[in-house]
Amino acid sequence: MKIYDELVARGLIAQVTDEEKIKDIINSGNATFYIGFDPTADSLHVGHFMALCLMKRLQMAGNKPVVLLGGGTGYIGDPSGRTDLRSMMSPETIQHNCACFKKQMEKFIEFGENKAIMVNNADWLLELNYIELLRDMGACFPVNNMLRAECYKQRLEKGLSFLEFNYMVMQSYDYYYLYQNYGCNMQFGGDDQWSNMLGGTELIRRKLGKDAYAMTITLLKNSEGNKMGKTAKGAVWLDPNKTTPFEFYQYWRNIGEADVLKCIRMLTFLPLEQIDAMDQWEGSQLNEAKEVLAYELTKLVHDEEKAQKAKTVYEVGSVRE
Ligand SMILES: N[C@@H](Cc1ccc(O)cc1)C(=O)O
């Protein structure tokens, strides 16, 4: 099975700008694609993990990943899909968080010559000149369209500042910059990024007369429609000091029966045939499926030994109860 069909079969694709083109390019391993990560905390979380796994899947199919750290966009903060106002981060926090992200990412993605590359948009965004940028790019962003963008919907009721309104311009500029400097012709991201990504493809089309593509991945929601990867205590982090391997294991081990197969399909690297066979499972077998999910993910994020240990501790705990 080719990579595009695999992504479809895993339920990972939400929206695409041009399905046939994207399919052709990623199936032939000719894409240089990027995903951006804003340094909003000192650890990655489950949403980032999904994006990194997508990178890995595409890299395994021969495509070239560009990981973009938002050391520049972090100064603004993406309002996409959010109702709350983000607090401004200090330059020190931004740099610290970028360093934490970098360290964690290196565990998942192979960087180096002919492998993935990592860039930081602080390198080009922080030196932009305001008047120059407005004259160069301003005309490519029709405000009437921007105001209709899905990502601002909730914000238009509650208030959207000019600072945040500019976020889309920055992300679009990134894509334009990576297109020109790295031959990057595809951008991926969470589904809430769709409008920001279209801003970029449109900018490339208007400024350079070239086609560039965008594809979003499905947000991970449970059967009740709530975003997954959160507990009462907050996000499920990848940093073992913030969410221990056991807590991480436990989170997945306790998810709803209705969600377990979907998660195995979207988050693990188990072969699809094996997952399809599990589709018929019911009753106590679903418990086994949860075990598979929790084990596989803990192994990917931490390591096999920690996964085994978490599994044992969990079993001992449930016998005692
Ligand atoms: N806006 C993205 C991060 C991002 C930053 C810069 C980009 O060029 C692309 C993506 C997010 O909040 O998840």
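General observations
- On Cα atoms only, tilt of 46-60 relative to the major axis of the chain in degrees: 80 degrees
- On the principal axes of its alpha-carbon atoms, the range 152-252 has extents of 51, 36, 27 Å, going from largest to smallest.
- Distance between the modelled labels on A277 and N145, one decimal in nanometres: 4.9 nm (7 Å Cα→Cβ projection).
- Charge sum, other residues only, whose C-beta stays under 15 Å from I109's C-beta, Lys/Arg counted +1 and Asp/Glu -1: +4
- For the range 3-217, the number of Lys pairs with C-alpha atoms closer than 13 Å, counting only pairs eight or more positions apart or on separate chains, is 4.
- Across the range 61-67, coupling constants 3J(HN,Hα) worked out from phi with the 6.51/-1.76/1.60 Karplus curve, θ = phi - 60°, read 8, x, 7, 9, x, 10, 8 Hz, and Gly and Pro carry x.
- Solvent-free Debye scattering, log10 I(q)/I(0), computed from the Cα coordinates of the range 252-321 at q = 0.15, 0.17, 0.23, 0.28 Å⁻¹: -0.48, -0.61, -1.04, -1.30
- The chain - share of DSSP beta bridges that are antiparallel (%, nearest 5): 30 percent
- Most mobile listed residue (L128, L219, L58) in the chain, GNM with C-alpha springs under 10 Å: L128
- Alpha carbon centroid spacing (whole Å) that separates the range 185-199 from the range 290-321: 35 Å
- Computed [θ] at 222 nm, helices only, for the chain once each DSSP H run of length n ≥ 4 contributes -39500 (n - 2.57): -15500 deg cm²/dmol
- Summed over the residues of the chain and divided among them, the accessible surface reaches 49 Å² per residue at a probe radius of 1.4 Å.
- Each label point was placed 7 Å from the Cα along the Cα-to-Cβ direction; for Q15 and Q285 their separation is 3.8 nm.
- When the Gaussian network model of the chain links Cα atoms closer than 10 Å, the mean-square fluctuations of D239, D18, D174 top out at D18.
- GNM flexibility winner over the chain from N120, N97, N145 (Cα, springs under 10 Å): N145
- Angle between the chain longest axis and helix 257-267 axis [Cα atoms, degrees, rounded to 10]: 50 degrees
- Solvent-accessible area of L261 with every protein chain in place, 1.4 Å probe, in Å² to the nearest 10: 20 Å²
- Rg(Cα)/(2.2 N^0.38 Å) for the range 71-178, N = residue count: 1.21
- Prolate/oblate/rounded call for the range 3-217, Cα gyration tensor, a/c under 1.5 rounded: rounded
- M50 contributes about 20 Å² of solvent-accessible surface, heavy atoms of the protein only, 1.4 Å probe.
- Counting only protein heavy atoms and a probe of 1.4 Å, the accessible surface of the chain is 48% carbon and sulfur.
- Shape call, the range 9-112: gyration tensor on alpha carbons, a/c limit 1.5: prolate
- Ordering 148-155, 75-82 by mean Cβ neighbour count within 10 Å, with the highest value first, yields 75-82, 148-155.
- Helix 304-320 axis, angle to the chain major axis (alpha carbon atoms, nearest 10°): 50 degrees
- Accessible-area rank, largest first, for F165, F246: F246, F165, with all protein chains present and a 1.4 angstrom probe.
The values are calculated or read from the model by the stated rules, or taken from the named source; none is laboratory data. As the structure is a prediction and not an experimental result, all values here were calculated from the model. Neighbour counts are summed over all protein chains in view; Cβ atoms, including those assigned to glycine, are modelled from backbone coordinates with ideal geometry. Each accessible area value is taken on the protein alone, full model and side chains, heavy atoms only, with ligands, DNA and RNA left out. Shrake-Rupley method; radii C 1.70, N 1.55, O 1.52, S 1.80 Å.
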